[in-house]
Amino acid sequence: MDEYRKLIQEAFGESSEDSDDDDHGQQMEGSNISVEAQYVFGENPKWERISEIKGLSLCREFLTSDQQSTLLASILQEGWFSEASHNQAMRFGDLPPWAKELSTGIHEIIEYSDYDPESMETDKQEFIFPSELLKREPLFNQLIVNSYQPGEGICAHVDLMRFEDGIALVSLESSCVMHFSRVHESTNENKIPVYLTPGSLLLISGEARYKWKHEINRKPGFQKWDGLEIHQKKRTSITLRKLCKTE
Ligand SMILES: O=C(O)CCC(=O)C(=O)O
């Protein structure tokens, strides 16, 4: 069995390619075309914490606008979204070069970031991302690219347990509000909004990964920030995760 097929089966079980769980989506052939991007960060990238949710860290200035354009061009070159009905692509195992490059960039920005002096946690990597997860190799081996038209979002979900802790989300093209709600909370109250801007990196680990659901509701009335409804545009997101090891 080739490595790619094995990884899909680990993620979704025996008849995995037709999976209809929360990660349903197009399994598409990727091309090898890549646009190289170098991720170089300043000395002290700025991170925001979402005080209500432990394990959520947001770096708004992760990618410059040039890096965003290069990344988007690499995604377009894959040809995954050439048909209007295709809005999600997944890859397992050996990720395209631009996604590996992005993973390296994420690793580097975590390593180079200073810890928050206000925080009780003195381990800078604990603040942004658990240090033991940063040591794993590879950091990520599963990729989802979502392409959302205005009005399209994603239902509330916790990522499947087949994936390890430590998930990275990169936003491109336009802003949106992602809402977090506690796993056993069924009402619309107590949802915590997080404003994701293009070029931002959201790291989800620990409680944020296991005890909170996340969703993007782009129906009218739900995409509000600072009291104003966001003017919706096309949005692309990149999700990077690591499959759990099987025996
Ligand atoms: O679009 C996003 O930023 C989130 C994507 C997501 O949660 C997923 O693909 O599971």
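Set side by side, the residues L139, L169, L143 differ, and just one is crowded, with 19+ Cβ neighbours inside 10 Å, closer than 28 Å to D226 by Cβ and either modelled with pLDDT of 95 or more or within 13 Å of the ligand (Cβ to nearest atom) (or both), which is L169. A search for C-beta distances below 6 Å between a residue of the range 134-157 that is of a type in the set (F, W, Y) and any residue that is more than 15 Å from the ligand (Cβ to nearest atom), counting only pairs 6+ apart in sequence or on different chains, returns F140/S103. Hey, does the range 178-186 have a residue that's surrounded by fewer than 17 Cβ atoms within 10 Å (Cβ to Cβ), more than 22 Å from L243 (Cα to Cα), over 14 Å from the mean Cα position of the chain (by Cα) and within 11 Å of the ligand (Cβ to nearest atom)? Within the range 178-186, none of the residues are surrounded by fewer than 17 Cβ atoms within 10 Å (Cβ to Cβ), more than 22 Å from L243 (Cα to Cα), over 14 Å from the mean Cα position of the chain (by Cα) and within 11 Å of the ligand (Cβ to nearest atom).
When the range 187-199 is filtered for residues that are away from the ligand (no atom under 11 Å from the Cβ) and either of a type outside the set (D, E, K, R) or on the phi > 0 side of the Ramachandran plot (or both), the ones remaining, listed by number, are T187, N188, N190, I192, P193, Y195, T197, P198, G199. Restricting attention to the range 200-217, and to residues there that are part of a loop (DSSP other than H, G, I, E, B) and not charged (D, E, K, R), which single residue is nearest to the ligand (Cβ to nearest atom)? The qualifying residue nearest to the ligand (Cβ to nearest atom) is S200. Tell me, please, whether a residue that is modelled with pLDDT of 95 or more and of a type in the set (D, E) can be found in the range 96-111. Yes, the range 96-111 contains at least one residue that is modelled with pLDDT of 95 or more and of a type in the set (D, E). Entry remark, the range 146-166: residues being near the ligand (Cβ under 10 Å from one of its atoms), under 23 Å from F92 (Cβ atoms) and touching a strand residue (DSSP E or B) at 6+ places or on another chain (Cβ under 7 Å) number 9 in total. Can you run down the residue pairs with Cβ atoms below 6 Å, 6 or more apart or on separate chains, where the first is in the range 174-185 and closer than 20 Å to L72 by Cα and the partner is surrounded by 18 or more Cβ atoms within 10 Å (Cβ to Cβ) and among the charged types (D, E, K, R)? Taking only residues 6 or more apart or on different chains, the pairs are S174/R235; C176/R235. All conditions in (1) surrounded by fewer than 20 Cβ atoms within 10 Å (Cβ to Cβ); (2) basic (K, R); (3) farther than 30 Å from D66 by Cβ hold for R209, with the sole exception of (1).
The values are calculated or read from the model by the stated rules, or taken from the named source; none is laboratory data. Computed from a predicted structure; not experimentally measured. Don't worry about glycine lacking a Cβ; one is built from the backbone with ideal geometry, like all the others, and counts go over all protein chains shown.
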